[in-house]
Amino acid sequence: MDAKRFGLESNDKWRTSSAHLLYTPSSSSSSASKGRTIAPPELSVSIPRTAQAVAYSCFPVNVTVRLPGFSQEEMDAIVSNPERLSITMIKRTTLVANNGGGQKSSHVVGIGSAQQQQIEKELVKRPGEERIVRVWFKAGTKYGEASWRINNLIEVQYFIRVVLSLQNGQQP
């Protein structure tokens, strides 16, 4: 398999956004809390540069989860449980009031949940602490969704939201 072709490495065919997560290991959870200093958890979301998100059409996304200090069993339990790893597409509508202050008001609504396709363990750089979750969306209303804006008045945008719950039993 070609790791670059499937977006498992950063390259010119995939657009990637990354984030370090805020996390304080508790004394009662996971092997990550054994008193040693570990790197913070990381998430990255990759989409094909050539992909166009057309409403109600399949749209591929790769989510890389890196959890240093967690065991392989803990990693697998987290990424395979939709209550601990939630990947959704959201729509944000923002209105700007031009009556002097330029105040903004936003409305956010979820329009679809990702369908999990595959969890990649072998093609990752660090097999013990990293997983790539390959998902796809089929969200929105056919012919009815699009990002658009009228400058300084209204804007409609779509985002991919990833919520990761490291503590068992917590809802994302």
**OP:** Filter segment 129-163 down to residues that are part of a strand (DSSP E or B), open to solvent by less than 60 Å² (accessible area, probe 1.4 Å) and of a type outside the set (D, E), then give me how many there are.
**Re:** 13
Subject >> Residue tally, condition among the basic types (K, R), modelled with pLDDT of 85 or more and outside any strand (DSSP E or B), over segment 44-88 >> reply: 1
**OP:** Go through segment 93-128 residue by residue and tally those that are touching a Phe, Trp or Tyr at 6+ places or on another chain (Cβ under 9 Å), open to solvent by less than 80 Å² (accessible area, probe 1.4 Å) and touching a residue at least 24 places away in the same chain (Cβ under 8 Å).
**Re:** 7
**OP:** Return yes when F70 is open to solvent by less than 50 Å² (accessible area, probe 1.4 Å) and either among the β-branched types (V, I, T) or out of contact with any helix residue (DSSP H, G or I) (no Cβ under 6 Å at 6 or more places or on another chain) (or both) and no when it is not.
**Re:** no
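Yes or no: segment 89-105 includes at least one residue that is assigned to a loop (DSSP other than H, G, I, E, B) and either modelled with pLDDT of 85 or more or under 29 Å from P40 (Cα atoms) (or both).
No.
The values are calculated or read from the model by the stated rules, or taken from the named source; none is laboratory data. Just so you know, these numbers come straight off a predicted model, no measurement behind them. Backbone-built Cβ (ideal geometry, glycine too); neighbour counts: all protein chains shown. These area figures cover heavy atoms from the full protein model, side chains too; ligands, DNA and RNA do not enter into them. Shrake-Rupley method; radii C 1.70, N 1.55, O 1.52, S 1.80 Å.
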